[in-house]
Amino acid sequence: REDIASGEAADSYEFEFRFQRPDGETRWFHWTGYPLVEEDNDYWYVGLTTDVTERRERQERVRENERTYRELFNKSSAGITVHDPETKAMVGVNDTMCDLLGADREDILDGGVDALSVTEEGFSMDRGADLIDRVMDSGEPEEYEWLLEDSDGERHWMLVTGTPATINGERRFLATSQEI
């Protein structure tokens, strides 16, 4: 049937399943079923099956890498922020930085650099944007000092290394900080 061949059958359905071969190897398959005939409440189906084991294994490796990245990111003794180099928006912050500032992740991300920094002393988003541009343009890490203020109003001098990075396939500015 033409509707089945085009993959547009109205009553088609699909799922993935795991199959263990007699030799113990496990394979994953994607199955799409298409009803052909109904006869006395019995349905006859045709199914298309594709081995998707390599795709599933690749997806699992990506998920494992992401779990490892998140664990390293959040357990680092350095405070880490991640910025979009185009918009300069802060798109990531680790647990260490949240703990240092006494703020939750969403508040830090929503407030951005100006909400954390002592802007009246020149530590502003404009200055941060210049640093991000310089590091991203040169492709080389740069070390600098930055003054932050936590939720209690206490100030923290930070030694920051700004580095160009690729995270999940996207260019990012990575700032790792140690209190000095």
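Side notes on the structure shown:
- The value of relative contact order for the chain, using C-alpha pairs under 8 Å at least six residues apart, is 14 percent.
- Full extension of the chain between I180 and R55 gives 40.4 nm of extra length, using 0.36 nm per residue less the Cα-Cα distance.
- Here, the stretch 76-180 is characterised by an Rg to Rh ratio of 0.93, where Rg is the alpha-carbon radius of gyration and Rh the Kirkwood radius.
- Potential lengthening between D84 and R171 on full extension [0.36 nm per residue; Cα-Cα distance subtracted]: 30.6 nm
- Over all pairs of different C-alpha atoms, the chain has a mean inverse distance whose reciprocal, the Kirkwood radius, equals 20.4 Å.
- The stretch 66-180, accessible surface, carbon-and-sulfur percent (1.4 angstrom probe): 45 percent
- Placing pseudo-labels 7 Å out from each Cα toward the beta carbon at S76 and S124 gives an inter-label distance of 2.8 nm.
- Within the stretch 24-53: backbone nitrogen closer than 12 Å to the D11 label point (7 Å, Cα to C-beta): 34-46
- Over all pairs of different C-alpha atoms, the stretch 18-107 has a mean inverse distance whose reciprocal, the Kirkwood radius, equals 18.0 Å.
- P(r) tail, the stretch 79-128: Cα-Cα pairs separated by more than 14 Å, 48% of all pairs.
- Accessible area in square angstrom per residue, the chain, 1.4 angstrom probe: 64 Å²
- Label-to-label distance, R63 versus E39, with points set 7 angstrom from Cα along the beta-carbon direction: 4.1 nm.
The values are calculated or read from the model by the stated rules, or taken from the named source; none is laboratory data. Small disclaimer: the values here were computed from a predicted structure and weren't measured. Every residue, glycine as well, gets a Cβ built from its backbone with ideal geometry; the counts of neighbours run over all protein chains shown. To get the accessible areas, we keep the full protein, side chains included, count just its heavy atoms, and leave off ligands, DNA and RNA. Shrake-Rupley method; radii C 1.70, N 1.55, O 1.52, S 1.80 Å.
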